[in-house]
Structure formats: structure tokens, C-alpha cells
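The values are calculated or read from the model by the stated rules, or taken from the named source; none is laboratory data. Since this is a predicted model, take the numbers as computed values, not measurements. Glycine also receives a Cβ, built like all others from the backbone with ideal geometry; neighbour counts cover every protein chain displayed.
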Amino acid sequence: MEPNKKHIALWVAALRSGVYTQGKGYLKNVKKHVTYCCLGVVCELAKTNGINVTERAYDGANYADDDSSSPFSFNGSVYLMPTEVADWLGLSRNPEMMRELPSGVVEEHSATFWNDETTLSFTEIADLIEFTYLKA
């Protein structure tokens, strides 16, 4: 599968836009505010660009850390982008992203790792996507 650089660039721009509030653990979650992981942002973007993505409140058992969580699914997926969105990007459902450390060592992890297990902002994740998929 070949990465679709045009669609990936749209994702990078959406992450940098300030429109989406970053959350952890779910593609989309509604607590007091709507939050997204970086993969949830691209699900919304694909939907607005004509990809058949159905969004529903997730009713699975034992999904919440607490009673204030209300995750949503996209085409039945709560944690990883659905196949339709991954295909639109030309990437896997949880794509790897890289960054180069000051030492020159390249560190590579999944999108969910960078979003959920680190303190990186959407802007910093956009930088990783750009480094991994859009650099010349």
C-alpha cells in the first residue's frame, strides 16, 4: 500500500489547526468536552472528505476508566482507525511514526503509542507524521 501524501498532508494540517482537543485512549471521547486521539482526527477528516465512516456512541462493556467517559466508534472501531480510513491514507490502522533524536538515532513507535503513552501534543505528532511520510 502506497501512502497517500495528499491525504496525509490534510491530516497534518488538521492536527495543527487547533480545532481538535487531544485526548487519550479512544478515537473520540466525550466527557465534559469532545476529545480525540490523533487517529480519531483523521477519522473525522476522512468522513468530511466523503469516506463512508459511521460514527456511533460505543456501548461495549468495560470500556471506561470512569463513569464520565463516553467513547465513540468509527465503523465499529474504538481504538484504531477503521480499514476504510487506513486505506484512504494508504497506511496501516495504527501506523508507525518516527522521530530523529539529537544523537541521530531514529525512534519508531505506533500512532497510539505517541498519542497515549507520551506527552506529545498534536502539533508534535504532526511533525512525526511529516518526518515519516512527507519528507522528500
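Brief remarks follow.
- Some residue of region 26-49 being of a type in the set (S, T, N, Q) and touching a helix residue (DSSP H, G or I) at 6+ places or on another chain (Cβ under 7 Å): no
- Pick from region 1-58, criterion of a type in the set (Phe, Trp, Tyr) and surrounded by fewer than 23 Cβ atoms within 10 Å (Cβ to Cβ), ranking: farthest from TYR79 (Cα to Cα): TYR20
- Residue check: THR123 meets all listed conditions (1) buried (at least 17 other Cβ atoms within 10 Å of the Cβ); (2) farther than 25 Å from THR54 by Cα but one, namely (1).
- Looking across region 69-84 at every residue that is closer than 9 Å to TYR26 by Cβ and among the hydrophobic types (A, V, I, L, M, F, W, C), the one that is modelled with the highest pLDDT is identified as VAL78.
- Just one of the numbered conditions (1) in contact with a strand residue (DSSP E or B) (Cβ under 8 Å, 6 or more places away or on another chain); (2) under 22 Å from GLU2 (Cα atoms); (3) outside any loop (DSSP other than H, G, I, E, B) is not true of SER73: (2).
- The one condition in (1) surrounded by fewer than 17 Cβ atoms within 10 Å (Cβ to Cβ); (2) farther than 21 Å from MET1 by Cα; (3) more than 14 Å from the chain's Cα centre (by Cα) that LYS135 fails to fulfil: (2)
- Picking from residues in region 1-29 that are under 11 Å from the mean Cα position of the chain (by Cα) and of a type in the set (D, E, K, R), the one that is farthest from PRO71 (Cα to Cα) is LYS24.
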